[in-house]
Amino acid sequence: MAINPDLAGRVYPSAEVYDVAREKIREFARAVKAGHPAHYDVDAAHALGHADLVAPPTFAIIVAQRADAQLIADPESGIDFSRVVHAEQRFTHHRPIVAGDRLTAELHVDKVRAMGGGAMVTTRAEISAEDGSPVATTTSSILVRGEGQ
C-alpha cells in the first residue's frame, strides 16, 4: 500500500494523558547520560527555580511518540512501520517539563512528499499541560521506504 497523500493536514487529537513522574525523569536522564543534578535531586531543581525535578530536553520525545503511534496505527495512512527510517527530530520548548506535569500531545501531519517509491512524512506534535498551556512542539520527519528499497 502506498502512503496516503491525503494525510497532509490531518490532525490526530490528544490521546491519553502522560503523567511525568520523578522516577521516569531519573530513568530517562540516566539512559541519555544527562548528568545535571536537577534531573535527579529535587533540591537542585528547586535551586534553579523549578517546582520539581526537571526533565532533559529530549524527554518530550516520550509524549510525542505516543502521538506518533496514532498515525502509524491508522490503517488509512499506508505506513508500514517496518519500512520506516527516522530522518529528523526537532524540539521547541515553551517551558521545561517537570515532575508532576500531566501532558497530552495533538499530532499534526504537516507534509507528505513522494520520494521515489516511498515518501517523507513530516509531523508536528503540540505537547500541552493539563490546563492547555503549551509545553513543547516536536517536529519529526520519517522516510517510509517503498517496495524494493
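Listed values, structure above:
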item	result
Where GluC sites (Glu not before Pro) fall in DSSP loop in region 52-149, at most 14 other Cβ within 10 Å	Glu76, Glu130, Glu147
Rel. contact order, % - alpha carbon contacts under 8 angstrom, at least six apart, the chain	30
Sum of side-chain charges, Ser14 neighbourhood, beta-carbon under 10 Å (Lys, Arg +1; Asp, Glu -1)	-2
Unit Cα scatterers, Debye sum, region 1-81: log10 I(q)/I(0) for q = 0.11, 0.21, 0.26 Å⁻¹	-0.44, -0.91, -1.19
Extended-chain gain in nm, criterion 0.36 nm per residue less alpha-carbon gap, Ala2 and Lys33	7.3 nm
Carbon plus sulfur fraction of accessible area for the chain, probe 1.4 Å, in percent	54
Surface accessible to a 1.4 Å probe, per residue, for the residues of the chain, Å²	52
Förster-model FRET efficiency, 30 Å R0, Ala44 and Val17, C-beta, rounded to 0.05	0.65
Extended-chain gain in nm, criterion 0.36 nm per residue less alpha-carbon gap, Arg90 and Met115	6.9 nm
Length-normalised contact order of region 1-76 in % [C-alpha pairs under 8 Å, at least 6 apart]	29
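The values are calculated or read from the model by the stated rules, or taken from the named source; none is laboratory data. None of the values given here were measured: they were computed from a predicted structure. Counting neighbours? That spans all protein chains shown, and the Cβs are built from the backbone with ideal geometry, glycine included. The accessibility values were calculated without ligands, DNA or RNA, using every heavy atom of the protein model including side chains. Shrake-Rupley method; radii C 1.70, N 1.55, O 1.52, S 1.80 Å.
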